[in-house]
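Below: the structure, in structure tokens.
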Amino acid sequence: MRIDKYLWAIRFYKSRNEASIACKKGHVRIDEVTVKPSREVFGAEKILIRKNQMEFTLLVLGIPKSRVAAKLVEQYAKDLTPEGLRKARTEIAVNQANNRFETGGRPSKKNRRDLMDFMDSESDSTDE
């Protein structure tokens with residue numbers, strides 16, 4: 001089975017096109033060698049995938065005939081990614097979400113007037 005089809009079948013990518021693009025960009029490697037989307041996958045191969053700024057390591061256990069249910073993925077691939085790396089990435093994502101500034105979109109006319117009044121009062125205090 002092709003590597004792009006395999007990664008789609010084990011639900012690592014949402015679409016086969018997305019898996020194919022990842023291969024073309026060099027984000028998918030087998031035995032430290034960048035692979036093309038048409039590369040055949042065989043059992044007991046280690047696949048290194050860079051996705052969302054994180055390196056995943058998968059071990060091929062079997063080849064599915066088509067896309068499998070989420071519960072059955074463990075029969076075809078084993079995730080060898082270190083747990084510490086996973087936790088670190090999760091913590092980074094949580095911190096980034098907490099640090100985002102919520103603007104609420106474009107300011108209303110009242111918000112803009114309040115902001116202009118604040119800016120004017122601040123500039124008046126610096127003039128003195």
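The values are calculated or read from the model by the stated rules, or taken from the named source; none is laboratory data. All of these numbers come straight from a predicted model, not from anything done at the bench. Cβ placement follows ideal geometry from the backbone for every residue including glycine, while neighbour counts extend to all protein chains displayed.
Brief remarks follow.
- Qualifying residue in the stretch 78-85 (condition: closer than 21 Å to SER15 by Cβ, surrounded by 10 or more Cβ atoms within 10 Å (Cβ to Cβ) and not polar (S, T, N, Q)): yes
- Any hit, the stretch 59-79, residues being small (Gly, Ala, Ser) and on the phi > 0 side of the Ramachandran plot: no
- Count of the stretch 55-71 residues which are surrounded by fewer than 12 Cβ atoms within 10 Å (Cβ to Cβ) and either more than 14 Å from ILE3 (Cα to Cα) or aromatic (Phe, Trp, Tyr) (or both): 3
- Boolean, ARG11 is part of a loop (DSSP other than H, G, I, E, B), over 18 Å from LEU80 (Cβ atoms), charged (D, E, K, R) and in contact (Cβ under 8 Å) with a residue 24 or more places away in the chain: no
- Yes/no for ILE49 being under 23 Å from LYS36 (Cα atoms), of a type in the set (Val, Ile, Thr) and part of a loop (DSSP other than H, G, I, E, B): no
- Subset of the stretch 95-124 that is modelled with pLDDT of 85 or more and loosely packed, with under 11 Cβ neighbours inside 10 Å - its residue that is nearest to ASN52 (Cα to Cα): SER108
- Taking each residue of the stretch 41-61 that is among the acidic types (Asp, Glu) and looking for partners that are in a strand (DSSP E or B) and surrounded by 14 or more Cβ atoms within 10 Å (Cβ to Cβ) with beta-carbon atoms closer than 7 Å, six or more apart or interchain, yields GLU45/ILE30; GLU45/VAL60; GLU55/LEU48.
- In the stretch 14-41, of all residues being within 17 Å of LEU80 (Cβ to Cβ) and among the hydrophobic types (A, V, I, L, M, F, W, C), the one that is surrounded by the most Cβ atoms within 10 Å (Cβ to Cβ) corresponds to VAL28.
- Considering only residues in the stretch 29-48 that are out of contact with any Lys or Arg (no Cβ under 8 Å at 6 or more places or on another chain) and aliphatic (A, V, I, L, M), the one that is modelled with the highest pLDDT turns out to be VAL33.
- Residues of the stretch 59-115 that turn out to be in a loop (DSSP other than H, G, I, E, B), of a type in the set (Ser, Thr, Tyr) and within 18 Å of the chain's Cα centre (by Cα), as a count: 1
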